[in-house]
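Here, each number is a calculation from the coordinates, and none is a lab measurement. Everything numeric in this text was worked out from a predicted model, so none of it was measured. Cβ coordinates were reconstructed from backbone atoms using ideal geometry, including for glycine residues, and neighbour counts include every protein chain displayed.
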Amino acid sequence: MKSPVLTTILIAICMVNAFSQNLSGVWHGKAKTPDNKEILFVFLFENNANGITSTMAVPSFNVSDIKPKATTFKNRKLIIDGSNVGMKYEGIFNETTNLIEGTYTEGGVLLALNLKRGNPEMAKINRPQEPAKPYPYYEEQVIFENTDAGISLSGTFTRPAQKGKYPVVVLISGSGRHDRDGSMMTHRPFLVLSDYLTRKGIAVLRYDDRGFGESTGDFSKATTADFAQDVLSAVHYLKSRSDINPDQIGLIGHSEGGIIAPLAANQTSDISFIVALAATGIPGSEVAVMQAKSLRPFPVPDEIIFAKNVKKSIEIATSEAEMSAKRNALNAHNVAYLVPILKSLGAADENISAFLKKETETVLRPWNIFFYNYNPANEFKKLQIPVLSLNGSKDQQVDAAINQNAIRNALIQGENKSYKIVELENLNHLFQECKTGNLNEYKEIEQTMSPTALKEISNWIFEIILKIIHSKY
């Protein structure tokens, strides 16, 4: 007869082994942000000959098919290494609750996240502007190469059904990882924009960001300049097609995409016009400080001192010091100004340490350092092609007045002869008709993109195309 202690140990081992074998399947959980917003995460775990793989979706932001670098489960501990996409999850399986209890880390933010087996119950979301198949136009899944970077970019090309040579635009997404539909906050604005323009007679190419969706590459190491090269690769691909007019290629960029567009256009003579949606026109370092203040999810005792500390972090990151010296200086700076704030909010010491480490590494990312140093006004000033700049009056992420004034001044200084700058009333950063413009409104609004914005874009493009045609004769 086995002793009671030995029997208990054997039962525990069997439970762990059984769980390990059955980790495969769908697990989900909700995390709460510091400002009390819920984010739904869904993971699909699959067993194969090499171990466990995972695929992550974040339905709250309409993001899916994220493939972390590595997943391990041993001794009840689950580790999802998503360093390739800027995230990490660590959790312990609790036999009593049947939950994986752990924490999710991304971009300097650490969230408590417990996972339970099964699919989440999803409320039906009404998105009336999203088109339903079959579409009344031609659609093709395409792949093109950025040979210098050694990556393949996967996208969707659409044009009117009738054969011919059409004007075409490339859609350029904003900051963060995006699929070809520009999916965010349960909306797919690039799908809606592409559908609208294609029905009007304009061909569209939209694609997954490098290292995301079906595109290859490492998103975490890329900068705005790298994304501009991806755009140029898209343009090079379009010129190889017989169904587009090579004299009528335009770029439409949203948010960061709006400052990628001029950077790309100034490196080629193949771009005929640019549409900048919610683009910035001031140095990235200034944008970062403004957004750190306006989008910060926690209160601070003194806004002026907080802004000074953010500026100090940027100065350290953009200095000429060696990376190790920057890291040490940032760590010391973060400890000095962030620890008191986090402690006042009741954060645990271990969470504070993890947050500070992540914050330092985030600030030192190649993308951030480039962005801090990048002044898009310098690129807008060089443009001699037509430019349309649209911003929403209630945009809480990119101040319309400040940034449009900077873009206007740059175009004037560069003696650009064809530009239009419009601030659209009551529209937010996504160009939705809104009440406040706050980020938490995005997914609550049924409208994906205001018809006013859509009409403004298409009408202006056709005006420019007519001018291009007339200039040829």
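Could you compute how fast region 168-209 diffuses translationally, taking Rh as the Kirkwood radius over C-alpha pairs and applying Stokes-Einstein at 20 °C with viscosity 1.002 mPa s? Give it in µm² per second. Please report the intermediate quantities before stating the final value.
On the way: Rh = 10.4 Å.
It comes out at roughly 207 µm²/s.
Might you report the magnitude of the Cβ-based charge dipole of the chain about its Cα centre, with Lys and Arg at +1 and Asp and Glu at -1, to the nearest 20 debye?
On the way: 50 positive and 50 negative charges, 65 e Å.
Once rounded to the nearest 20, the dipole reads 320 debye.
Modelling each spin label as a point 7 Å along the Cα-to-Cβ direction, I'd like the residue 324/residue 67 distance in nm, to one decimal.
Placing both labels 7 Å along Cα→Cβ, they lie 3.6 nm apart.
Whole-Hz Karplus ³J(HN,Hα) for region 177-191, in order, using 6.51 cos²θ - 1.76 cosθ + 1.60 and θ = phi - 60°, x for Gly and Pro?
Once θ is set to phi - 60°, the couplings for region 177-191 become 6, 9, 7, 5, 8, x, 4, 6, 6, 6, 10, 10, x, 6, 5 Hz.
Helix 451-471 versus the longest principal axis of the chain: what is the Cα-based angle in degrees, 0 to 90, to the nearest 10?
Roughly 40 degrees, rounded to the nearest 10.
Could you calculate the contour length gain from residue 294 to residue 382, that is, 0.36 nm times the residue separation minus the distance between their Cα atoms, to one decimal place in nm?
28.6 nm
Can you give the FRET efficiency for residue 76 and residue 165, using 1/(1 + (r/R0)^6), R0 = 56 Å, r = Cβ-Cβ distance, to the nearest 0.05?
0.35
Amide H to amide H, which residues 5 or more places from residue 446 or on other chains are under 5 Å from it, using H placed in the peptide plane?
none
Can you give me the angle between helix 323-344 and the longest principal axis of the chain, using Cα atoms only, in degrees from 0 to 90, rounded to the nearest 10?
70 degrees
By how many nm would the segment from residue 32 to residue 402 lengthen if fully extended, with 0.36 nm per residue of separation less the alpha-carbon distance? Mind showing how you got there, number by number?
Numbers: separation 370, 0.36 × 370 = 133.20 nm, distance 3.27 nm.
That pair, residue 32 and residue 402, stretches by 129.9 nm at full extension.
What is the calculated FRET efficiency for residue 471 to residue 138, with r their C-beta to C-beta distance and R₀ = 25 Å, to the nearest 0.05?
Details: r = 28 Å, r/R0 = 1.14.
Efficiency, from the Cβ-Cβ distance: 0.30.
Please report 105, 198 as a ranked list, fewest other C-beta atoms within 10 angstrom at the top and most at the bottom.
Values: 105 21, 198 24.
Least to most surrounded, the residues fall as 105, 198.
Angle between the Cα long axis of helix 400-413 and the longest principal axis of the chain, 0 to 90 degrees, nearest 10?
Computed tilt is about 40 degrees.
Pop a pseudo-label 7 angstrom from the Cα along the beta-carbon direction at both residue 116 and residue 239 and give the gap in nm to one decimal.
Label-label distance for residue 116 and residue 239, simple model: 5.7 nm.
Based on Cα coordinates alone, diagonalise the gyration tensor for region 285-371, multiply each eigenvalue by 5, take square roots, and list the semi-axes in whole Å, largest first. Display every interim value, and only then the final one.
Values: eigenvalues 83, 53, 24 Å².
Taking √(5λ) for each Cα gyration eigenvalue gives 20, 16, 11 Å.
If amide hydrogens are placed 1.01 Å from N in the peptide plane, which non-local residues have theirs closer than 5 Å to the one on residue 151?
The list, which skips near neighbours in sequence, is 146.
Taking 0.36 nm per residue of sequence separation and subtracting the Cα-Cα distance, how much length would be gained by fully extending the chain between residue 393 and residue 148, in nm to one decimal?
Values: separation 245, 0.36 × 245 = 88.20 nm, distance 3.94 nm.
Here the segment from residue 393 to residue 148 would lengthen by 84.3 nm.
What are the GluC sites (Glu not before Pro) within region 137-238 that DSSP puts in a loop, where the Cβ has at most 14 other Cβ atoms within 10 Å? If you can, show how the numbers build up before the last one.
Values: sites: 139, 140, 145, 214; in loops: 214.
Listed in order of number, the matching sites amount to none.
Please work out the Cα center distance from region 48-87 to region 277-345, rounded to the nearest Å.
30 Å
When the Debye formula is applied to the Cα atoms of the chain, each taken as the same point scatterer, what base-10 log of I(q)/I(0) results at q = 0.08, 0.11, 0.12, 0.13 Å⁻¹?
-0.53, -0.96, -1.13, -1.30
Amide H of residue 84: which non-local residues (sequence gap of 5 or more, or other chain) have their own amide H closer than 5 Å, using H built in the peptide plane?
Amide H to amide H, under 5 Å and 5 or more residues apart or across chains, residue 84 pairs with 69.
Using θ = phi - 60° and the Karplus curve 6.51 cos²θ - 1.76 cosθ + 1.60, what whole-Hz ³J(HN,Hα) does each residue of region 248-264 get, with Gly and Pro shown as x?
For region 248-264, the Karplus curve yields 9, 9, x, 10, 10, x, 9, 6, 4, x, x, 9, 6, 4, x, 4, 6 Hz.
Could you pull out the pairs from 77/358; 308/435; 88/293 whose alpha carbons sit more than 28 Å apart here? Walk me through the intermediate numbers first.
Numbers: 77/358 21 Å; 308/435 31 Å; 88/293 26 Å.
Those over the limit are 308/435.
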